[in-house]
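> Input: one structure, supplied below.
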Amino acid sequence: MKPLLLTLLSLLAIGGGPADGARAWRTLAASRPRGNADSLRVIVRYDAGRISVGAAAAPLLYDARARFDAKEQRLSRSYDSATHTLHVGIDSAVHTSGRSRAGAREEGRLDLGLAAGIPLDIDLDLGATRAVLDLGSLWVDAMHVSTGATETDLTFGSLNPKPMRDLFVDAGVGSIAIHQLGNARAQHASIASTVGSVDLDLGGAWTGEMPLTLRVALGSATLRVPRDAGIALRLSRRIANVDSDGFTERDGVYYSTGYELAKRHIMVDGSATLASVDVIWKE
Amino acid sequence: MRASDKVRRIRRLAIGLLLGAITIQVARAQNAAPQTGSDPVAVTLDSLRRDANGMTLERAAVQIGSRTVQPSEHLAGDVASYHGSLEISGTVDGSVAAIGGDVVLLPGGHVRGDALSVGGEVKLAGGTVEGEMRSISALSVGPLAGAQLTPAQTTRRSLSLAVACYLILVAMALAVSLFARGHLETIGSTIRTNFSHAFLFGVLGEIAIVPLFLLTVVALAITIVGILLIPFAAVAFALGVMGALALGFLAMSLLAGDAIMRGDTAAGEARPVVTHLISGLSLFLVLWLLGSASAYTGFVGSVLRLLAVLSTWIAATVGLGAVIITRAGTRTVAGVPRVPPPPAEEYAWQTPTPVSGVAAARRPTAAPRASRQ
């Protein structure tokens, strides 16, 4: 067994050297004056860390500030002035240890400020992140958010200057909370959650109709509905519980009391699979 | 020459070959690392060009130390300073960069391209930048860990992985030989007598893993309350599968060890299970080390890696099949002799009796009591 032990020790010396656990933190600040840009398309791919999106200071088209571990992550950023498209991406290495990834997630961050006053088309692809998206004071024309294992907080703090063409949120695993969704003035909103919780606050200064598609599986959805709004639920249920107390069923659609008399209406379509859907009235 | 001497000689030869191959490959892989030049400015500009947030600059655009663009100046190309700040009061049609310093846009200063500072800041003190203002704390060029490894890193990683797996399996082998030796022997006997049967069950077992897992999840989810148990069930399921695979693989390793060490055990002598287990595992280790070390030898390396993968898969599959057939070694199958548990101290007086016949030792009896005398 002696030669075998010697071999093992040699191999350990070759391959099992002390792991360098030190991080190589880098910071990046990148901003661009708005110039003659009349719109901005933003594509963000961020797979581990904290991310925030908000408004940038007045003369800037965008203002990105990032902190990342250069040993485990690679940050790329580019702007195409012809199409007014900004790409920001932080990719983590393929073979990173769980501890390294957790460290990058806890300490790495990306703060993205976007120009107010021009239509924004925002496309976020988030991995294992904590995301705080405060879109108040921004003009969001379209928004797509796809998340992996994420804790997402999306706020429409003020009324969108013009109706949003499309709002699409696809949450994989984790929790997502959307505040003042009504302020988005989305012509169509689609919210999906595969595993986890969805908290939708349908408040905001909106009028008319709000069409909403909701798909929840293996989790729960809470709809916070303003008192003066009427809500109709048309959900296909598969082993799911939908809180329909006080609702009246007509042709498979559950209408809240006084739906017809309400000033504004929310029509919720979609499905609930192995999930619960609750409606909470808010003042 | 005794059989055991022959085995030892072959083992030494294999180890020598292995170490030689590893040394050559590691040296070759390390030599494949890119060479860098000796001019620090050129090296930095090369890094700056390769950095995703960097910039491509000509060497002629860089001035060592601080630099100022006067109000009367109108420069057509890029302007950069190295280890010093860059102050702009005039107009630059290209981009500006300060490596190891600040870029300061003074009143009247105008840059049509981008402004970049490495290790400093881009400061607007009355001037303007048409392009992007960018400051990075340091360059972050080079391959990401694991994304694009150099040959040396790949080789080291593969070798480390093989050795780490081996050490884990050795630890498991010690535990199994101490606490579940009877189960291991039963599984080994089943493999020996029903190899093809075990292989078939192993393949079926591997195919059934994912559907079985999904079925478990759905069954738990249906109960609603069971949803909470899904993470625990997933972990338990994964542990169960890995445990079954490991137990089966160890049984196969024991058989391999038996084959290697056949000449080392005298007739009638109880074989040292731990030694045989480790020998069997070492055989697989040698295959993997050869495969890892020859990662950059083209066809030969591919064949060796394929051999390692194939042999390990067959061993794991047959082992898993035998684990399934014997319910983790708790029951025997027809035609397979039941393996007795390891001898306890109570039966130590018993002597193995081969066919040729050996006179049994006398069973120890209790000393006669005084009252009987």
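Please treat every number below as a calculation from the coordinates, not as lab data. The structure displayed is predicted, hence computed values, not measured ones. Every residue, glycine as well, gets a Cβ built from its backbone with ideal geometry; the counts of neighbours run over all protein chains shown.
> Run through region A:199-274 and list the GluC sites (Glu not before Pro) located in a DSSP loop whose Cβ has at most 15 other Cβ atoms within 10 Å.
Working: sites: A:209, A:249, A:260; in loops: A:260.
Loop-located and lightly packed - A:260.
> Which whole number gives the average, over all residues in A:28-38, of C-beta atoms from other chains lying within 10 Å of the residue C-beta? Mind dumping the intermediate values first?
Values: counts 7, 8, 9, 7, 7, 7, 0, 2, 0, 0, 0.
The shielding value for this peptide is 4.
> Let me ask something else about it. Provide the FRET efficiency to the nearest 0.05 for the residue A:134-residue B:68 pair, computing r from the beta carbons and using R0 = 41 Å. Please report the intermediate quantities before stating the final value.
Working: r = 41 Å, r/R0 = 1.00.
It comes to 0.50.
> Among A:78, A:158, A:92, which one shows the highest mean-square fluctuation when chain A is modelled as a Gaussian network with alpha-carbon springs under 10 Å?
Among A:78, A:158, A:92, the largest mean-square fluctuation in the Gaussian network model of chain A belongs to A:78.
> In cubic angstrom, how much convex hull volume per residue do the alpha carbon atoms of region B:151-341 span?
Working: hull volume 29.0 nm³, N = 191.
It is 152 Å³ per residue.
> Put one equal scatterer on each alpha carbon of region A:26-84, apply the Debye formula with no solvent term, and list log10 I(q)/I(0) at q = 0.17, 0.20, 0.26, 0.30 1/Å to two decimals.
So the normalised log intensities are -0.64, -0.86, -1.28, -1.51.
> Treating the angle as unsigned and between 0 and 90°, give the value, to the nearest 10°, between the Cα long axis of helix A:98-107 and the longest Cα principal axis of chain A.
Value to nearest ten degrees: 60.
> Let me ask something additional. Please average, across the residues of A:64-72, the number of beta carbons from any other chain that are within 10 Å of each residue's own beta carbon, and give a whole number.
Numbers: counts 2, 1, 2, 1, 1, 2, 9, 4, 4.
That works out to 3 on average.
> Which residues in region A:244-263 place their backbone N less than 17 Å from a point set 7 Å from the Cα of residue A:234 along the Cα-to-Cβ direction?
Those under the cut-off are A:248-256, A:259-260.
> So, one more: With θ set to phi - 60°, apply the Karplus curve 6.51 cos²θ - 1.76 cosθ + 1.60 along region B:61-76 and write out the HN-Hα couplings as whole Hz, x wherever there is a Gly or Pro.
7, 9, 10, 6, x, 5, 8, 10, 9, 5, x, 7, 7, 9, 9, 7
> Here's something else I'd like to know. Residues with beta-carbon under 13 Å from that of residue A:192, excluding residue A:192: net charge, scoring Lys, Arg +1 and Asp, Glu -1? Display every interim value, and only then the final one.
Working: positive: A:215; negative: A:170, A:269.
Residues near residue A:192 contribute -1 overall.
> Next up: Other chains' Cβ within 10 Å of B:48-54 residues: what's the mean?
Working: counts 0, 0, 0, 5, 7, 9, 0.
So the per-residue partner count for this stretch is 3.
> Suppose each label sits 7 Å from its Cα in the direction of the beta carbon; what would the residue B:224-residue A:213 distance come out to in nanometres?
Going from the residue B:224 label point to the residue A:213 one covers 2.8 nm.
> Residue by residue through region A:26-31, what is 3J(HN,Hα) from phi via Karplus (6.51 cos²θ - 1.76 cosθ + 1.60, θ = phi - 60°)? Round to whole Hz and write x for glycine and proline.
10, 10, 9, 10, 9, 9
> Pairing the Cα long axis of helix A:2-15 with the longest principal axis of chain A, what angle in degrees results, from 0 to 90 and rounded to the nearest 10?
60
> Shifting gears a bit: Starting from the amide H of residue A:52, placed 1.01 Å from N in the peptide plane, find each other amide H under 5 Å away whose residue is 5 or more places distant or on another chain.
A:110, A:111, A:112, A:132
> Please compute the Cα-Cα pair-distance distribution of region A:33-282 with 5 Å bins starting at 0, giving whole percents from short to long.
Each 5 Å bin holds this share of Cα pairs: 1, 6, 14, 17, 17, 15, 12, 9, 6, 3, 1, 0, 0.
> Output the peptides A:108-118, B:222-232, B:281-291 sorted from most to least packed, where packing is the average of other Cβ atoms within 10 Å over each peptide's residues. Spell out each step's value before the answer.
Working: A:108-118: 20.4, B:222-232: 12.4, B:281-291: 22.1.
Highest mean packing first, the order is B:281-291, A:108-118, B:222-232.
> Also, quick follow-up: Could you work out which residue, out of A:183, A:160, A:241, moves most in a Gaussian network model of chain A, that is, has the largest mean-square fluctuation with Cα springs under 10 Å?
Maximum fluctuation in the GNM of chain A, among the listed residues, is at A:241.
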